[in-house]
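Below: one structure, written as structure tokens.
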Amino acid sequence: MRQTISAYAHAVDRGRFDEAAACFTADGVLDVRGSDRSQGRDAIAGRFAAAGRKLAKAATNAVVRHHVSSIAIEADVTGGTATSSSYFFVVTEIGPDHWGTYRDTFRRDDTTGRWLFTERQVTVEGRVGPSRMT
């Protein structure tokens, strides 16, 4: 599960949106509270691509880094499901952008053994000025 959380952040930060979407089950959901829900890998990758375009237009050097901390995981390894909660803090080339919480549910893929998001709930709790990404 930590590997999935990390892989997601690294893929989004590097603009590898299909890789980020691959952290979800085929019917997985990215739910950004106060915005919209994206369901399925194509919709999730499209959402990331739109945010990437927005950042590229607003930035001279489009750098983004997601810092994730205080990860708490509860797993039912036998049943192949888990939940987690964590905090995130996003920085761009000009400094802090936004921060908040992740609430995740996972399912283990029986074919690969990999833990994938079935749902990621994102709650943005604060931001500095208008967001350059969301």
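When we screen D31, D27 for residues that are charged (D, E, K, R), within 28 Å of R108 (Cβ to Cβ) and open to solvent by less than 50 Å² (accessible area, probe 1.4 Å), the only hit is D31.
Look at region 3-21: where a residue is under 13 Å from H67 (Cα atoms) and a partner is of a type in the set (V, I, T) and open to solvent by less than 30 Å² (accessible area, probe 1.4 Å), sitting 6+ places away or on another chain with Cβ atoms under 8 Å, you get V12/V64; D13/V64. Search region 65-79 for residues being part of a strand (DSSP E or B) and not aliphatic (A, V, I, L, M), and hand back the single one that is most open to solvent (accessible area, probe 1.4 Å). Out of the qualifying residues, it is E74.
What pairs come out if I take residues in region 56-81 that are touching a residue at least 12 places away in the same chain (Cβ under 8 Å) and farther than 16 Å from I5 by Cβ and pair them with residues that are in a strand (DSSP E or B) and among the β-branched types (V, I, T) whose C-beta lies under 7 Å away, six or more apart or interchain? Within 7 Å, the pairs are A59/T92; V63/T92; V64/V90; V64/T92.
In a residue-by-residue description of region 55-64, the property of being under 23 Å from E125 (Cβ atoms), among the basic types (K, R) and surrounded by fewer than 19 Cβ atoms within 10 Å (Cβ to Cβ) applies to no position. Restricting attention to region 37-54, the residues that are touching a Gly at 6+ places or on another chain (Cβ under 8 Å) and either open to solvent by 30 Å² or more (accessible area, probe 1.4 Å) or not in a helix (DSSP H, G or I) (or both) add up to 4.
The values are calculated or read from the model by the stated rules, or taken from the named source; none is laboratory data. The structure displayed is predicted, hence computed values, not measured ones. Cβ coordinates were reconstructed from backbone atoms using ideal geometry, including for glycine residues, and neighbour counts include every protein chain displayed. Ligands, DNA and RNA are excluded from the accessible area calculation, which covers all protein heavy atoms including side chains. Shrake-Rupley method; radii C 1.70, N 1.55, O 1.52, S 1.80 Å.
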